[in-house]
Amino acid sequence: MHITIKKMESDDEIRGKAFVHWQSWQEAYPGLVDPGYLAALTLEKCEAMAYRWPNNLMVAKDDERVIGFVGYGDRGDEAPDTGEIFALYVLAEYYGKGVAQQLMEAGLKQLAAYPRICLWVLKENQRAIRFYEKCGFSPSGEEIVSANIGATEIRMVLKSQK
């Protein structure tokens, strides 16, 4: 296993990111999101999204295979001083191998100039919540119901960057 973290640049990386997005949802979210939404989330839809939003993404590669990704950015006018980890996914076969930690570190490095960093996570996704807590995030108390996926998300905020 030879893992590299790099900016997503090539068509192969964009398609690889789309596969990880699709496969990760199929692996991690049964029982956590609406089954109809999950069934309708096709690889083709994930690929269209990957091409539509190619910026602010870093991929994890095992040799030439994309095995994970992190998306990051700012909240815009909603919260101009807040950076956000928008997405962090790793194929299940790479769980526990440090890939998600490397992706998180890469994403946080890109957001280092922000005084506040947050993310949203499914309230019932205890595995992800424990991971984010190990990375220094804690629940803010904010929740939103995402009707399109049929699940509640909680906001987590990085306790301290320094």
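The values are calculated or read from the model by the stated rules, or taken from the named source; none is laboratory data. Note that the coordinates shown come from a computational prediction; the quantities given were computed from them, not determined experimentally. Ideal geometry is used to build each Cβ from the backbone, glycine not excepted, and the neighbour counts take in all protein chains shown.
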Top-ranked residue in segment 1-31 [being part of a loop (DSSP other than H, G, I, E, B) and more than 16 Å from the chain's Cα centre (by Cα); ranked as nearest to N56 (Cα to Cα)]: E9
Considering only segment 50-94, state which residues are within 13 Å of S24 (Cα to Cα) and either assigned to a helix (DSSP H, G or I) or free of Cβ contacts under 8 Å to residues at least 12 places away in the same chain (or both). A92, E93, Y94
For A151, state whether it is under 19 Å from R75 (Cα atoms), in contact with a strand residue (DSSP E or B) (Cβ under 9 Å, 6 or more places away or on another chain), surrounded by 12 or more Cβ atoms within 10 Å (Cβ to Cβ) and touching a residue at least 60 places away in the same chain (Cβ under 8 Å). no
Within segment 1-24, which residues are free of Cβ contacts under 8 Å to residues at least 40 places away in the same chain, crowded, with 17+ Cβ neighbours inside 10 Å and more than 25 Å from K109 (Cβ to Cβ)? W22
Please enumerate the residues belonging to segment 146-161 that are modelled with pLDDT under 95 and in contact with a Ser or Thr (Cβ under 9 Å, 6 or more places away or on another chain). S146, K159
Can you report the number of residues in segment 37-50 which are more than 15 Å from the chain's Cα centre (by Cα) and surrounded by 13 or more Cβ atoms within 10 Å (Cβ to Cβ)? 6
